[in-house]
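Note sheet for the following structure.
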Amino acid sequence: EFVSPQTVREIELANVVCALLDIEKVSILDDFYKLGGNSILALKLSNKINLQVKQILQAKTIFSMAKMEPRKKQLQNYQVKIKEKIELSFAQERLWFIDQFEEDSSAYNVPIILTLRTNTSRKKIEEALVKIVERHEVLRTLIIYGYPVIQPEKLKILHQSIDAKEFVEQRFNLEEALPIKVNIYNDQLMISIHHIAFDGWSTEILLKELNDLYH
């Protein structure tokens, strides 16, 4: 059964879907994926209609998408940087897509847990970690609508009494927070980095930089 779009939002969505899939018309009850949609097109659709990929996966049809609340986060603050057309690598795109629809994506968190010596300066450790994040843009990059956007913000270090396992299993919000978390409490230094930002350079390199900057 073909059902034409009626509302302003349905018409808007139908136009975008038709353009993406290179088709002349679409029923608001048609399944986006059965029409030829895929993960790459879902990313592009997300960018154009102001919905998360996860919402698109759940909705599938224009009828359902039109009923969803558009994302509150707008592109205004990121348009200039996104227009630079920095692209995610294939591996990063895959990880970001998985993050969008998997409820528990902590499997892609890379943990580093260290026990600090009594005479270790916590202040110097924190300063070194902040410098490392400043040095590596990938650790200051958000993924907005599937595009990497480098942020100027500094690493915020936590000082919470939390179990190491619980800490490293915390999910990252790659669209709103840096892909690295650090918690220092008593003699425990806990670092969790999302694999999307930890590709191409190893834990050993990070620890060497930490050691060099500390000393």
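The values are calculated or read from the model by the stated rules, or taken from the named source; none is laboratory data. What you see is a predicted model; the values in this text were computed from it and never measured. Quick reminder, even Gly has a Cβ in these numbers, built from the backbone with ideal geometry, and neighbours come from all protein chains shown.
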Quick one: which of 168, 110 is closer than 12 Å to residue 192 by Cβ and touching a Pro at 6+ places or on another chain (Cβ under 7 Å)?
168
Looking only at the stretch 35-52, and only at residues there that are in a loop (DSSP other than H, G, I, E, B) and hydrophobic (A, V, I, L, M, F, W, C), the one that is nearest to residue 22 (Cα to Cα)
35
So which of 147, 185 ends up being in contact with a Leu (Cβ under 9 Å, 6 or more places away or on another chain), within 27 Å of residue 42 (Cβ to Cβ) and hydroxyl-bearing (Ser, Thr, Tyr)?
147
Scan the stretch 1-20 and give yes if some residue there is modelled with pLDDT under 85, part of a loop (DSSP other than H, G, I, E, B) and farther than 24 Å from residue 176 by Cβ, otherwise no.
yes
In the stretch 5-21, which residue that is more than 20 Å from residue 53 (Cα to Cα) and out of contact with any helix residue (DSSP H, G or I) (no Cβ under 7 Å at 6 or more places or on another chain) is surrounded by the most Cβ atoms within 10 Å (Cβ to Cβ)?
6
Please tell me if residue 57 is touching a helix residue (DSSP H, G or I) at 6+ places or on another chain (Cβ under 7 Å), modelled with pLDDT under 80, assigned by TED's automatic domain parsing to the domain that holds residue 25 and not in a loop (DSSP other than H, G, I, E, B).
no
